[in-house]
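A.B. asks: Encoded as structure tokens, here's the structure I'll be asking about.
The values are calculated or read from the model by the stated rules, or taken from the named source; none is laboratory data. This is a predicted model, so every value here is computed, not measured. Ligands, DNA and RNA are excluded from the accessible area calculation, which covers all protein heavy atoms including side chains. Shrake-Rupley method; radii C 1.70, N 1.55, O 1.52, S 1.80 Å.
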Amino acid sequence: MLLPFVQHVGARIIESSEGSSLLALSIQPFHFNSSGIVHGAVPFTLADTGMGAALFSVLASTEGCATIEIKINYFRPVVEGELQCRSTVLHKGRT
């Protein structure tokens, strides 16, 4: 189940399995910044949510998760189409 903010930006879960997720978002006019490109927070939200969805699938019912640190590099501007984010848990630590 996606949270209200994630629904607000238009993200949707395409695939979900133990330790992985695939999210997608179709670019809409409200995703653009004043320069006419997709605001950086849009792919960032997709990546952060995808990581959480992948990790949440391998947590015990008594565990929770939160993003403590994240870094993202943008290679080129997005101006149309659909963004997709595939996330995979490589290592689930103790904390």
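A.B. asks: On a 0 to 90 degree scale, rounded to 10, what angle separates helix 41-56 from the longest Cα axis of the chain?
C.D. replies: The angle comes out at about 20 degrees.
A.B. asks: At q = 0.10, 0.15, 0.21, 0.22 Å⁻¹, what is the log10 ratio I(q)/I(0) for the chain, with the Debye formula run over Cα points and no solvent?
C.D. replies: Once normalised to I(0) and log-transformed, intensities are -0.28, -0.61, -1.08, -1.16.
A.B. asks: So what does ARG86 come to for accessible area, using a 1.4 Å probe and Å² rounded to 10?
C.D. replies: Accessible area, nearest 10 Å²: 150 Å².
A.B. asks: Continuing with this model, one more query. Taking only DSSP H segments of four or more residues, each worth -39500 (n - 2.57), what value at 222 nm results for the chain once the sum is divided by all its residues, to the nearest 500 deg cm²/dmol?
C.D. replies: For the chain, the value works out to -7000 deg cm²/dmol.
A.B. asks: Going from most exposed to least, what order do ILE68, ILE27, ILE14 have by accessible area with a 1.4 Å probe?
C.D. replies: From most exposed to least exposed: ILE68, ILE14, ILE27.
A.B. asks: Which ³J(HN,Hα) values, rounded to whole Hz and listed in residue order, are derived for the stretch 76-83 from phi using the Karplus coefficients 6.51, -1.76 and 1.60 in 6.51 cos²θ - 1.76 cosθ + 1.60 with θ = phi - 60°, glycine and proline given as x?
C.D. replies: So the J values, rounded to whole Hz, are 7, x, 9, 10, 6, x, 10, 9.
A.B. asks: With a 1.4 Å probe and all protein chains kept in place, how do LYS71, LYS92 rank by accessible area, largest first?
C.D. replies: Ranked from most to least accessible, the order is LYS71, LYS92.
A.B. asks: When the accessible area of the chain is split by element with a 1.4 Å probe, what percent falls to carbon and sulfur?
C.D. replies: So the carbon and sulfur contribution to the accessible surface is 56 percent.
A.B. asks: Let me ask another. Counting only heavy atoms of protein chains, what accessible area per residue, in Å², does the stretch 1-58 have with a probe of 1.4 Å?
C.D. replies: Heavy-atom SASA per residue in the stretch 1-58 reads 56 Å².
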